[in-house]
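Student: I'd like to ask some things about the structure below.
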Amino acid sequence: MESTAGRTVAELVAARWGDHRPGLWFEGKLLTGHEVAAGAAARAALLADLLPPGAEPHIGVLLDNTPEYPMWLSAAALARAAVAGINPTRRGPELARDILHTECRVLVTERAHLPLLDGLDLPGVRLLLTGTPEYDTLLAPYADARPDAFRAAPGDRLLLSFTSGSTGAPKAAICTQGRLAAAGRSLADQFQVRPDDVHYICMPMFHGNAVIADWAPALAAGAGVALRRRFSASGLLADVRACGATYFTYVGRAIQYLLATDPRPDDRDHRLRLGFGTEAGAVDAAAFERRFGVRLVEGYGSSEGGAAVRWSPGTPAGAVGRAAPGLVVLDPETCAECPPAVFDAAGRLVNGDEAIGELVNRGPNPFEGYWRNAEAEGERRRKGWYWTGDLFCRDADGYLYFAGRAGDRLRVDGENLSAAMIENILARYEGAVAVAVYAVPDPVTGDQVMAALAGTFEPAAFAAFLAAQPDLGTKMAPRFVRLVERMPVTATNKIHRAGLRREGLRCADPVWWRPPGEQAYRRLTPEDIAPGDAEGPLAPTRGPSAGGVGGKAPTARGGAAQ
């Protein structure tokens, strides 16, 4: 008979009972694995008494990364309940919508977030305020509870994880205990996580990255975790030294922020051996390993669980991993497979226009749906396949290269371009600390390319840099460059492209542009964008594109920075 050990998160939680090794570090305090399991058991018993009969067993958690967060995740697993991670950057009606949409009957929060709830109408929602005498009094009768995993089943809902789409209300992806436990075991095996490892969790726990890729493998391996209330680039090394962390995860711009800190002689004085995440880019990953001595592994897995790409030894630089059976790159309009990606001798993609498409899983997948959103589920499951909404290309050997989100595709003069590919090229510019590429409307049809750049910008040097890039097609060069002191990001450190697109040219930051047919950049003025200005950037483009001489792009389409 097949063993059921570790098939549920509840079993993994209960396994820490009696484990008196260090289990959780937070702000100078330490809890043993046993103490964490005991805290989870007490909260599970309390939860069983708080949830109204017949109600969906859902609780909202509106917390920073404090010990209460993993304890309530563990408690929900023991109580066969589900946690909806509430994003504290949401405001007003949007925040109330997230709580009510997921039918939370209990909301766990802290004093720091109470102002977010002022004036919100949350009928039927019981508020638990952690860190207060009243909270301690509520928990006291359950102090002797023991974790009981017997009733939990792999199919029990455990997470309602909101996606961070740029349009429409966020969708709550369902994740069961079985799927989360399996993901934890898989990553623990892949990265050879040991019981004496310590996983540093600095990404927000309302996001799937921290829970699925950091907390779950630590739980599966019996390893410790260390929490940072909120990500801090300047505080990371001090934290990992204090707790002896060996592993961490990242998303978005976190690696760029770490590289932007001042170098120190003791940058390699730590136990970290691995960082696992997404969107660091090959250039920054190499720079990070040179400076800190830590290897970064770029992985891919949709929050919904419908597709995953696993890194393995031999994966080429810049690739995420080899495509598993069923994973294909399709043209979203024709549903035909895109041709293999072709790279030049320098490792740069030369046929991105035809090779880049949407990653689709045509085989079995563990996507478990969205909470109360049949329309969004149908969009993900078109033709009976799982459509990730992410752009990739695939080489002749089956290795996959991330090319951005489907919503980040630009269409310039009839050509489809990937924002991520252009960003990889612009990241080579010596003055760039961070780069974001996005579309602004072309007055006739399609898009024009705009880039936000944090760092130093010298117009002539930037124009010369663009001209020297062999893989930058004429339609790919930014028409507009917005200079920002700090890149706007979401709560998960991903670039806030939706906000950049909304502001477009009419923003408070300085914007430089290249008029049609010209090579030099100059400051954009209010007169340039005045309505009816036939020579302004909103006027119809004629003749050569702003990216260079000639109206036809060369064969180079994108750049997988190596």
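Student: Only one of these is without any contact (Cβ under 8 Å) to a residue 12 or more places away in the chain and either crowded, with 17+ Cβ neighbours inside 10 Å or in the same structural domain as F206 (by TED's automatic domain parsing) (or both): P57, P53, P88, P67. Name it.
Tutor: The conditions single out P53.
Student: In addition: For the stretch 70-91, what are the residues that are more than 23 Å from L120 (Cα to Cα) and of a type outside the set (A, V, I, L, M)?
Tutor: Within the stretch 70-91, P70, W72, S74, R80 qualify.
Student: Name the residue, out of G384, G357, G404, that is without any contact (Cβ under 8 Å) to a residue 24 or more places away in the chain and surrounded by 17 or more Cβ atoms within 10 Å (Cβ to Cβ).
Tutor: Of the residues listed, the single one that is without any contact (Cβ under 8 Å) to a residue 24 or more places away in the chain and surrounded by 17 or more Cβ atoms within 10 Å (Cβ to Cβ) is G404.
Student: Residue under question is A44, and the condition is that it be assigned to a helix (DSSP H, G or I), at pLDDT 95 or above, assigned by TED's automatic domain parsing to the domain that holds R111 and crowded, with 24+ Cβ neighbours inside 10 Å; does it hold?
Tutor: Judged against the criteria, A44 is a match.
Student: Just to check your reading of the model, which residue among T137, T132, T109 is among the polar types (S, T, N, Q), within 14 Å of G60 (Cα to Cα) and either surrounded by fewer than 18 Cβ atoms within 10 Å (Cβ to Cβ) or at pLDDT 95 or above (or both)?
Tutor: The unique qualifying residue is T109.
Student: Take the conditions under 23 Å from the mean Cα position of the chain (by Cα) and surrounded by fewer than 24 Cβ atoms within 10 Å (Cβ to Cβ) and apply them to A182. Does it pass? Spell out the reasoning first.
Tutor: On the way: under 23 Å from the mean Cα position of the chain (by Cα): yes; surrounded by fewer than 24 Cβ atoms within 10 Å (Cβ to Cβ): yes.
Answer is yes for this residue.
Student: Filter the stretch 302-332 for residues that are closer than 12 Å to V360 by Cα, assigned to a strand (DSSP E or B) and touching a residue at least 40 places away in the same chain (Cβ under 8 Å) and give the result.
Tutor: If the condition is that a residue be closer than 12 Å to V360 by Cα, assigned to a strand (DSSP E or B) and touching a residue at least 40 places away in the same chain (Cβ under 8 Å), then V309, L327, V328, V329 are the ones that fit.
Student: Now a separate question. Looking only at the stretch 165-188, count every residue that is of a type in the set (D, E, K, R) and either outside the structural domain of E68 (by TED's automatic domain parsing) or modelled with pLDDT of 95 or more (or both) and tell me the total.
Tutor: Of the residues in the stretch 165-188, 2 are of a type in the set (D, E, K, R) and either outside the structural domain of E68 (by TED's automatic domain parsing) or modelled with pLDDT of 95 or more (or both).
Student: Within the stretch 462-469, is even one residue under 28 Å from the mean Cα position of the chain (by Cα) and at pLDDT 85 or above? Spell out how you get there, then give the answer.
Tutor: Residues of the stretch 462-469 that are under 28 Å from the mean Cα position of the chain (by Cα), as a first pass: none.
No: zero hits.
Student: Any idea how many residues of the stretch 392-418 are modelled with pLDDT under 90, in contact with a Lys or Arg (Cβ under 7 Å, 6 or more places away or on another chain) and not in a loop (DSSP other than H, G, I, E, B)?
Tutor: 6
Student: Whether any residue in the stretch 438-459 is within 23 Å of the chain's Cα centre (by Cα) and closer than 21 Å to L359 by Cα is what I want to check.
Tutor: Among the residues of the stretch 438-459, at least one is within 23 Å of the chain's Cα centre (by Cα) and closer than 21 Å to L359 by Cα, which makes the answer yes.
Student: Hey, another quick one. Strands (runs of 3 or more DSSP E) wholly in the stretch 426-490 with at least 2 residues that are hydroxyl-bearing (S, T, Y) and touching a Gly at 6+ places or on another chain (Cβ under 6 Å) - which ones?
Tutor: none
Student: Turning to a different aspect of this structure: Would you confirm whether any residue within the stretch 458-467 is surrounded by 15 or more Cβ atoms within 10 Å (Cβ to Cβ), touching a Lys or Arg at 6+ places or on another chain (Cβ under 6 Å) and either aliphatic (A, V, I, L, M) or assigned by TED's automatic domain parsing to the domain that holds P510 (or both)?
Tutor: no
Student: Here is a further query. Please tell me if A145 is surrounded by 15 or more Cβ atoms within 10 Å (Cβ to Cβ) and more than 31 Å from the chain's Cα centre (by Cα).
Tutor: Numbers: surrounded by 15 or more Cβ atoms within 10 Å (Cβ to Cβ): yes; more than 31 Å from the chain's Cα centre (by Cα): yes.
For A145, the condition - surrounded by 15 or more Cβ atoms within 10 Å (Cβ to Cβ) and more than 31 Å from the chain's Cα centre (by Cα) - is met.
Student: Looking at the stretch 271-288, which of its residues are in contact with a Leu (Cβ under 6 Å, 6 or more places away or on another chain) and either part of a loop (DSSP other than H, G, I, E, B) or β-branched (V, I, T) (or both)?
Tutor: A280
Student: Cβ contacts < 6 Å: first residue under 15 Å from V440 (Cβ atoms) and aromatic (F, W, Y), restricted to the stretch 506-532; second residue at pLDDT below 90 and not in a strand (DSSP E or B), any location; separation 6+ or different chain. Result?
Tutor: Listed by first residue and then by second, the contacts come to W513/P537.
Student: May I pose another question? Quick one: which residue in T456, T474 is among the hydroxyl-bearing types (S, T, Y) and more than 26 Å from G347 (Cα to Cα)?
Tutor: T456
Student: OK, next. Which condition does D353 not pass, out of (1) assigned to a loop (DSSP other than H, G, I, E, B); (2) at pLDDT below 90; (3) out of contact with any helix residue (DSSP H, G or I) (no Cβ under 8 Å at 6 or more places or on another chain), if it passes all the others?
Tutor: D353 satisfies all of (1) assigned to a loop (DSSP other than H, G, I, E, B); (2) at pLDDT below 90; (3) out of contact with any helix residue (DSSP H, G or I) (no Cβ under 8 Å at 6 or more places or on another chain) except (1).
Student: From the list V412, V309, V360, V342, pick out the single residue that is touching a Pro at 6+ places or on another chain (Cβ under 9 Å) and either within 21 Å of R497 (Cα to Cα) or not basic (K, R) (or both).
Tutor: Exactly one of V412, V309, V360, V342 is touching a Pro at 6+ places or on another chain (Cβ under 9 Å) and either within 21 Å of R497 (Cα to Cα) or not basic (K, R) (or both), namely V360.
The values are calculated or read from the model by the stated rules, or taken from the named source; none is laboratory data. Since we're looking at a predicted model, the values are computed, not measured. Glycine gets a Cβ as well: all are built from the backbone with ideal geometry, and neighbour counts include every protein chain shown.
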